[in-house]
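Note sheet for the following structure.
Since every read-out is calculated from the coordinates, none of them should be taken as a lab result. Quantities reported herein were computed from a predicted structural model and do not represent experimental measurements. A quick note on method: Cβ atoms are made from the backbone with ideal geometry, for glycine too, and the neighbour counts reach across all protein chains shown.
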Amino acid sequence: MRSRLAKMGEIAGKGMVDLFAGARDILLPPQCPVTGEHVIRHGELSPGAWQDISFISAPYCKTCGLPFEFAASPELICGACATLESYANSLISGKGLDKVRASMRYDDASADLILSLKYADRHDLVDGFGTLLVAASRDLLLDKVDITPVPLHSGRLRQRKFNQAALLARSLADKTGSDLILDLLERHRATPQQQGLSAKARQRNVRSAFRIREKYRTSIDGGNFLLVDDVLTTGATLKECARVLKKAGASQVCAVVLARVVKDDVIAI
Ligand SMILES: [Zn+2]
């Protein structure tokens, strides 16, 4: 049974996309977005491209998903989660996110791939990304959740024409049969780009930038939510979305992203 929230929202639907897929494959044979080699389906990566991507797999922190460089129990949590360092430094806190998962490290190889979706309209990548998100969020989907994307401000949405997080969230929901609420959160305050800002500055930058849309405000209490975004740098944006949901009574808020910065992998985003 679909959740009440999802029924109220914009439920993912399949249009006539499949109808045109065959014709597209004949006119534009599928190519790997990284190497340009021929592949079977659009958005698929060739074996050569996979070699360059640093996928995140166990062992990792049970809560924030930080990959460990040593063999570890699935129950182990990292130092930041264990001590709940300052809110700026810890992804996890009582105020927001409960668990975080990521498909890959954010580095030069994955940045090329992800930025091509964001800025080069490579929507053919979404299906493959969705498959990666399914694998990364498997343990977060054991309980029933409502999947929702990190929203863009309406001004930026008009500029870019699409929200890459919404495309990813839709793909994840389609592949898992989970409920999707595309418009649960609203970015009502335009914020400067986070690029180049410190963790604390990023946190200040997104403070009070999000709110729950009016029609959902009385329906959040006790709910489980899975936020979806493309990249996690310090987690400031995801934490702020989670804080807003928790304040409205959400019971659990987790997040899954395509790529996350890990320790020394910090590069400009
Ligand atoms: Zn951790």
| Along the Cα-to-C-beta direction of Gln51, a point sits 7 Å from the Cα; which residues of the stretch 104-120 have their amide N less than 16 Å from that point? | 109-110
| said: Highest mean first, how do 251-261, 97-107, 209-219, 70-80 rank when packing is the count of other Cβ atoms within 10 Å averaged over residues? | reply: 251-261, 97-107, 209-219, 70-80
| note | Shape call for the stretch 4-265, from the Cα gyration tensor axes a ≥ b ≥ c (a/c under 1.5 means rounded, otherwise prolate when a/b beats b/c, else oblate), comes out oblate
| task | Starting from the Cα-Cα distance between Arg213 and Glu37, subtract it from 0.36 nm times their residue separation and give me the gain in nm to one decimal. | result | 59.0 nm
| task | Enumerate the lysines that Lys161 could reach by cross-link, defined here as Cα to Cα under 28 Å, with residues fewer than 8 away along the same chain left out. | result | Lys7, Lys14, Lys118, Lys175, Lys215, Lys239
| request: Extending each Cα 7 Å along its Cβ direction at Asp221 and Gln195, get the distance between those two points in nm, one decimal. | output: 4.4 nm
| query | Taking θ as phi - 60°, what are the ³J(HN,Hα) couplings along the stretch 208-218 by the Karplus curve (6.51, -1.76, 1.60), each to the nearest whole Hz, with x for Gly and Pro? | reply | 6, 7, 10, 8, 7, 4, 3, 5, 9, 4, 9
